[in-house]
Every structure is written in structure tokens, then in C-alpha cells.
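Down below is the structure, laid out as C-alpha cells.
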Amino acid sequence: MFKIVDKQELAENIIEYTVDAPDVARHHHAGQFCIIRVHSHCERIPLSIAETDPQAGTITLVVQIAGHSTKELAQLEVGDAILDVVGPLGRPTRIGSPKRAVFVGGGVGVPAGNLMAREMKQAGAQVLGIIGFRTKDLVIYEDKLRAATDELIVTTDDGSYGYHGLVTEPLQQQLEAGESYDLVITVGPVVMMRAVAEVTRPYGIHTIASLNPIMVDGTGMCGACRVTVGGETKFACVDGPEFDAHQVDFPELALRLEMYGDEEIRAHEAGPHECRLEQSLNESG
Ligand SMILES: Cc1cc2nc3c(=O)[nH]c(=O)nc-3n(C[C@H](O)[C@H](O)[C@H](O)COP(=O)(O)OP(=O)(O)OC[C@H]3O[C@@H](n4cnc5c(N)ncnc54)[C@H](O)[C@@H]3O)c2cc1C
Ligand code: FES
């Protein structure tokens with residue numbers, strides 16, 4: 001069991017949890033994620049890690065309440081415990097040694113950029129952050145990203161805060177003005193990551209996208225997280241979650257994310273899921 005030591009509501013339907021998970025905190029690197037299970041009847045929820053404190057043995061998760069499982073998570077309070085926290089999973093970010101790098105984050109993808117931007121700076125890069133939200137009330141992690149980068153541009157779709165427009169616009173403006181970058185990392189909605197890839201493609205800038213397909217086991221066995229990258233099938237949980245954004249089949253990823261919507265609704269209407277494997281293990285003592 002993994003005890004919740006802090007809970008903060010960052011914005012409407014966005015919660016930050018600090019969880020006691022010493023092994024994950026000790027071994028985690030930027031770009032990796034964990035899979036949690038709130039209780040034994042709950043689906044697994046893959047989540048990026050926004051912060052670690054190896055001394056205190058804690059990790060920080062920022063969760064957008066999206067559907068059934070994240071609603072169950074949201075009911076947990078400080079002092080409650082999460083049944084499983086499995087991680088760190090996936091490959092760490094391959095930052096290399098860029099001179100000038102950009103982190104482009106959107107919505108609940110922004111917190112993952114906290115550790116990525118810090119590692120880019122540690123690698124010696126000058127780091128520009130561009131983070132975007134629908135509206136001012138949904139702006140999260142601005143202070144953390146400001147501290148982790150050399151310069152930060154905040155955008156809102158409705159112009160209620162910062163630059164009025166999409167994250168791709170300041171990025172495009174920088175490139176058109178002749179600013180040169182050798183690495184762009186993007187985390188956020190599929191449509192945003194795809195647009196970022198299209199902006200950097202003509203400039204030949206190495207661009208990494210952290211993909212968020214549906215995941216089940218997180219071990220490369222079930223195939224749920226299958227993505228196509230450069231014409232090859234990859235499993236995001238073990239081969240990723242980060243891939244060359246210019247090679248990712250984003251339309252396929254978007255389709256696969258929508259694929260199970262109806263089943264999700266039917267499954268939750270039918271009541272809690274009992275894992276038959278777990279049941280038979282319990283019965284056999
Ligand atoms: C590697 C990885 C890291 C992630 N990190 C975070 C994170 O830090 N914070 C966070 O809030 N979410 C993150 N997600 C997405 C999160 O796992 C899903 O939102 C969650 O599993 C939805 O579960 P649910 O039962 O509450 O919603 P569901 O009922 O399963 O789905 C509700 C809605 O969310 C959409 N959805 C479901 N799964 C995903 C997904 N994988 N990505 C995007 N949309 C999805 C569905 O299409 C549907 O519209 C991450 C996903 C991956 C694969
Ligand atoms: S989540 Fe099952 S193979 Fe990746």
C-alpha cells in the first residue's frame with residue numbers, strides 16, 4: 001500500500017498527489033511513468049511523475065479527472081493509501097547534449113516537463129518552455145516550469161492569460177525569427193504533439209513526443225499501447241513512452257484512444273471488474 005502524504009487541488013478536476021513510494025522515487029528518471037491501481041477492482045491508470053524526493057521517498061502525480069478510475073482516485077484523501085504504484089516504467093528521456101532546447105507542454109502534460117526541463121538544463125542546454133492551457137483557471141505548474149527553464153511562455157486558447165493562442169504559435173515565431181534549437185520535447189494532447197511535430201519538421205529539429213496510449217499491463221505483453229513509429233509497431237510502455245515525433249503515426253494513436261469509449265461506459269454500468277486470475281490466486285490461498 002502506498003500512503004498519500006499530500007493532496008492539492010491545482011485547478012478544476014486537476015489534483016496533485018504526493019505519495020509515499022520510496023523505490024519509485026529512488027529509481028525514477030525524467031520521462032518515465034508509473035501505473036497505479038486505486039483498489040483491487042479498479043483499472044490501472046498510467047501517470048507521469050511530476051516530481052520525486054528520493055530523501056523523503058515520495059513521488060508527485062498530477063491527475064486530470066477523466067473517467068471512472070480517475071474519479072475513484074480523486075476520492076482518496078491524505079492518509080488514505082493507493083493499492084499499487086508500479087514503476088518507474090518506460091525509458092528515461094534521451095536528452096543527449098543539446099545547446100538550446102524547448103519543452104512544449106499542454107494541459108496535464110505540463111507537470112511532466114518539470115523534470116525534463118531540469119535535466120535539459122543539467123545537460124548544459126539553454127531551455128525555453130512553452131506551456132499552453134485552454135484558459136487562465138486551468139494554468140498549472142507555471143512557477144515550477146519558470147524555475148526549471150531559462151525563459152517561459154504561457155499561452156491560453158482564449159487569451160485570458162499570457163499569449164493569446166496555441167503553443168505552436170510562439171514556437172513557429174521563434175523559428176521564423178531565426179532562433180535555432182537542437183531538441184524539442186513535447187508532452188500533451190495528441191493533437192498538440194502532432195502540431196508541434198509539423199512545426200519543427202521543416203527545420204529538421206530532433207523532436208520527441210511522450211505518447212499517452214491506453215495501457216493495461218505496462219509490461220509489453222498485452223499490446224494495448226501499440227503505436228506505429230516509422231512504419232514499425234512499438235509498445236509505448238516498454239519501447240517508449242517517448243518517440244521521434246516526426247515518425248509517429250498520430251492519426252492512428254488518436255483513433256486507438258477513442259476506440260474503447262463505449263466499452264468503458266458499458267463496463268462501468270455492469271459494475272466493478274473482478275480479476276479472475278487474482279480471484280483464483282486468492283481462493284488457492
Ligand atoms: C504514459 C502515460 C502517462 C500519463 N500521464 C498522465 C498524467 O500525468 N496525468 C493525467 O491526468 N493523465 C495521464 N495519462 C492519461 C491517464 O492515464 C488517463 O487519463 C486515465 O487512464 C483515464 O482513466 P479513467 O478510467 O479515469 O478514464 P476513462 O474512462 O478510461 O477515459 C475517460 C476519457 O479519457 C480518455 N483517455 C483514456 N485513456 C487515456 C490516455 N491514456 N490518454 C489520454 N486520454 C485518455 C478517454 O478517451 C476518455 O475520453 C497518461 C497516460 C499514459 C499512457
Ligand atoms: S500496456 Fe500492455 S503492452 Fe504496453
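Taken together, the values in this text are just the output of simple stated rules run on the coordinates, not laboratory data. On a predicted model such as this, the values are computed, not experimentally measured, just so you know. Cβ coordinates were reconstructed from backbone atoms using ideal geometry, including for glycine residues, and neighbour counts include every protein chain displayed.
In table form, for the structure just shown:
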| quantity | calculated |
| --- | --- |
| Kirkwood-type radius of the chain, with distances r between different C-alpha atoms, in Å | 19.5 |
| Out-of-range pairs (alpha-carbon distance over 19 Å; input K7/K144; K71/K136; K7/K136) | K71/K136; K7/K136 |
| Theoretical gain in end-to-end length, V5 to V78 [0.36 nm per residue, Cα-Cα removed] | 25.7 nm |
| C-alpha long axis of helix 112-122 to longest principal axis of the chain, angle in ° | 50 |
| Distance-filtered residues of the range 113-153 - backbone nitrogen under 16 Å, label point 7 angstrom along S97 Cα→Cβ | 120-126 |
| Helix 190-200 axis, angle to the chain major axis (alpha carbon atoms, nearest 10°) | 30 |
| Within the range 2-89: Cβ-based charge dipole about Cα centre, in debye rounded to nearest 20 (Lys, Arg +1; Asp, Glu -1) | 260 |
| Cα shape, the range 100-258, gyration tensor, a/c 1.5 rule | prolate |
